[in-house]
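Asks: Have a look at the structure that comes next, please.
The values are calculated or read from the model by the stated rules, or taken from the named source; none is laboratory data. Not measured: the values here are computed from a predicted model. For neighbour counting, all protein chains shown are included, and Cβ atoms are generated from backbone atoms with ideal geometry for every residue, glycine included. Ligands, DNA and RNA are stripped out before the accessible areas are found, and what is left, the full protein with its side chains, is counted by its heavy atoms. Shrake-Rupley method; radii C 1.70, N 1.55, O 1.52, S 1.80 Å.
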Amino acid sequence: MLKEFKATSVQKTILCRNPSLSDVFIGRSEIKEESGEWKLDNQLKRKLISEGGEALVFSEKFGGNEMAVRVQIFDPILFTKKLGADQIKFKTHLIFDFETAIDYKIGKDEKNNEDFVVPIHENVIRHYVNVELYDSGEMNEEDCLGWITIMEKCESNLREKLKKDELDLKKRKKIARGIQSGLKYLEKIGIKHKDRKLANYLLIGDVVKICDFGLVWESSGRKSYRNLGYTRKGKKYRYEYALFAGTPGFAEQWQLGGGGSHKDNDFLYLFCDWNTSWSLIYRSIDEKQRTEIDKIVKNCGVRNLKDEDDDIDYDHVLDNITKIISLPNAPDSFCLDSNLTKSCQMSNLKQQMTKCVNTELRNLTKNTLDQKWSNLCVPISITALLRFAMKNDLAFDDKYNDYTFEQILTTLTMIVYPRSLAGLNLNPKKEEKDFQTNDIETMLERICKKTYLKESGWEIVRKLGYLEQVPSECEFKNVILNENFVFCRPLIVTGAFLLPDDTVCFHQMVLDRVDDLTDEYVIQNSDFQHDGPVLRIPKTRE
């Protein structure tokens, strides 16, 4: 449904300079992700604490106090010559001008205090000053272009501490209770944090501070939260299912545009050693392995990690755990931490889908994805096969369009077996591709089998929709392609490309069919750097 709204000062400026944009409709999926990089001089680099897609945090001294300063930009026009410094106006807010938010519900007889309260809690990062940036022509101050926020400076984050195994069980329990307390407080005042990853839990000693409110579901509508740099304006932040964003491995499916899982992983890492945490979530196991893990968990004082609703039983674990859970055979190959550094805007995934005309694909979708250098060929190929099975084998009722290519791919890469989406400009960090291998069998094992804490990947995908689909199982097996091979359904195939420097690049693709007239394999390719979206290979080439 389209709704009218008044154009902001910046939008009017853009339209005046580009009259061809008048009456042009731009859909959500057509808005391109920013793929530029921050350019900092050496002095700023020395002060840098953290760097994100739209924000930088620096260390800075004010008098004798060391503080953290966040520079967060909502509109890249701030960095262009089309908006000079003389066109920016500033509005400064101090924490001393506000009271502590207690609840977000306001009774009939209560004074509406929406302009006078902000989050203040021991376990929530404290914003002391926030400077809002506006275009000088923005009279109503509705379209904020960015923030400069002065915050309390912390010593480290929980991800670093846990990865280095620097916290004993007593400190982990205190931190866990602090996270619980902070999150409950935020929900009470109308803020549900939707980017609950370890890097967003900062530490001062053993006191945890919840930070980074870029992805929140904010139900109070209070202007004061925005004034002090906690929540942003917009319908997107008022409804969980409208976020279309999250961090791989830590996002709930609802905020990624799908149904299904609401489970959070962040709590588990506090009570397991680093490799064990990842293994329990993502390593496929059989019943014998499950029995062995059950014994280890019980020896740590925990009856069961999960409650009746299949969620991690926070209170039981906190009250009863006697030592950190550690699997003696937990492999570091399932530690996916290096892939999962930044949140991603999943609404941009659809724009990456390339409509290929005259491709001669018959069994597979004609929407193929140019993966560029992302090493995402494995989940892309599996997605193609799952969609084929849903349509041809299982006759899924997709009345509400819940099983699109991009929705399945989102679920595989964000929930089932997390991957970096760097190569799709959903996270502009090219070096992350170096941590991803094209291990097709590991991914297929995860699709077909349960882990200790999670359903099989197929079950997670099957439950994406609002309509209940017929229960089914997913299996895979290896077959050998040769001149006598009889095609009956699409298959995943491994291609080997010889690069100019004589190195070999292995790439997963999907066999669409065998062309009996030309005696060729017809293959869907997702890496356009190596030929086009469709390859035709003679059957005589092994």
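Asks: How far apart, in nanometres, would the label points at LYS174 and PHE485 be if each is projected 7 angstrom from Cα along the Cα-to-Cβ direction?
Replies: Rounded to a tenth, the inter-label distance reads 6.0 nm.
Asks: In the neighborhood of HIS193, defined by Cβ-to-Cβ distances under 13 Å, what is the net charge if each Lys or Arg adds +1 and each Asp or Glu adds -1?
Replies: Residues near HIS193 contribute -1 overall.
Asks: Report the extension gain between CYS16 and PHE62 in nm, rounded to one decimal, defined as 0.36 nm multiplied by the number of residues separating them, less their alpha carbon distance.
Replies: That pair, CYS16 and PHE62, stretches by 12.4 nm at full extension.
Asks: OK, next. If I stretch the segment between THR437 and GLU54 completely, what's the gain in nm (0.36 nm per residue apart, minus their alpha carbon distance), one decimal?
Replies: My answer for the length gained is 135.1 nm.
Asks: Next question. What is the distance, in nm, between label points placed 7 Å from the Cα along the Cα-to-Cβ direction at ASP319 and at ARG46?
Replies: For ASP319 paired with ARG46, the spin-label model returns 5.3 nm.
Asks: Rounded to a whole number, what % of the accessible area of the chain do carbon and sulfur atoms account for, probe 1.4 Å?
Replies: 49 percent
Asks: Which whole-number percentage describes the relative contact order of the chain, with Cα contacts under 8 Å and a sequence gap of 6 or more?
Replies: 12 percent
Asks: In region 374-412, which trypsin sites (Lys or Arg not before Pro) are in a loop and have at most 14 other Cβ atoms within 10 Å, using DSSP for the loop call?
Replies: LYS399
Asks: If you add up the charges near ILE285, with Lys and Arg at +1 and Asp and Glu at -1, over every other residue whose beta carbon is less than 12 angstrom from its beta carbon, what do you get? If you can, show how the numbers build up before the last one.
Replies: On the way: positive: ARG283, LYS288, ARG290, ARG446, LYS449, LYS450, LYS454; negative: ASP286, GLU287, GLU292, ASP294, GLU445.
Computed value for this residue: +2.
Asks: If you don't mind, another one. Please give the net charge around THR518, taking every other residue with its beta carbon less than 10 angstrom from that of THR518, where Lys and Arg add +1 and Asp and Glu add -1. Show your work: numbers first, answer last.
Replies: Working: positive: ARG536, LYS539; negative: ASP515, ASP516, ASP519, GLU520.
With Lys, Arg at +1 and Asp, Glu at -1, the net is -2.
Asks: A follow-up question, please. At 1.4 Å probe size, with no ligands or nucleic acids counted, give the accessible surface of PHE213 in Å², nearest ten.
Replies: Roughly 10 Å² of PHE213 is accessible to a 1.4 Å probe.
Asks: What whole number of Å gives the distance from the Cα centroid of region 238-284 to the Cα centroid of region 117-177?
Replies: After rounding, the separation between the Cα centres reads 21 Å.
Asks: May I pose another question? When you count, for each residue, the other Cβ atoms within 10 Å and take the mean per peptide, how do 214-225, 409-420, 279-290 rank with the highest first?
Replies: Per-residue mean Cβ counts within 10 Å order the peptides as 409-420, 214-225, 279-290.
Asks: Could you tell me the calculated FRET efficiency between VAL514 and VAL470, based on Cβ-Cβ distance and R0 = 22 angstrom, to the nearest 0.05?
Replies: 0.15
Asks: So, one more: Go through region 432-518 and name the GluC sites (Glu not before Pro) that are in a DSSP coil and have 10 or fewer other Cβ atoms within 10 Å of their Cβ.
Replies: GLU468, GLU473, GLU475, GLU483
Asks: Note down the relative contact order for region 244-475 as a percent, whole number, built from C-alpha pairs under 8 angstrom at least six residues apart. Walk me through the numbers before you get to the answer.
Replies: Details: 328 pairs, mean separation 65.4, N = 232.
The value is 28 percent.
Asks: If packing is taken as the mean number of other Cβ atoms within 10 Å per residue, what is the order of 6-19, 181-194, highest first?
Replies: 181-194, 6-19
Asks: Taking loop as defined by DSSP and a crowding limit of 14 other beta carbons within 10 Å, which trypsin sites (Lys or Arg not before Pro) in region 297-346 fit?
Replies: Those that pass, being in a loop and sparsely packed, are ARG303, LYS323.
Asks: Mind checking the per residue accessible area of the chain for me, 1.4 Å probe, whole number of Å²?
Replies: Per-residue value: 52 Å².
Asks: Going by a ≥ b ≥ c, the root eigenvalues of the Cα gyration tensor, does the chain fall in the rounded group (a/c under 1.5), the prolate group (a/b larger than b/c) or the oblate group?
Replies: Judged from the Cα gyration tensor, the chain comes out oblate (a/c at least 1.5, b/c at or above a/b).
Asks: Wrap a convex hull around the Cα atoms of region 385-542, take a quarter of its surface area, and give that in square nanometres.
Replies: Average projection, Cα convex hull of region 385-542: 11.5 nm².
Asks: How far apart, in nm, are two points set 7 Å out from the Cα along the Cα-to-Cβ line at TYR239 and at CYS505?
Replies: With each label placed 7 Å out from Cα toward Cβ, I get 4.1 nm.
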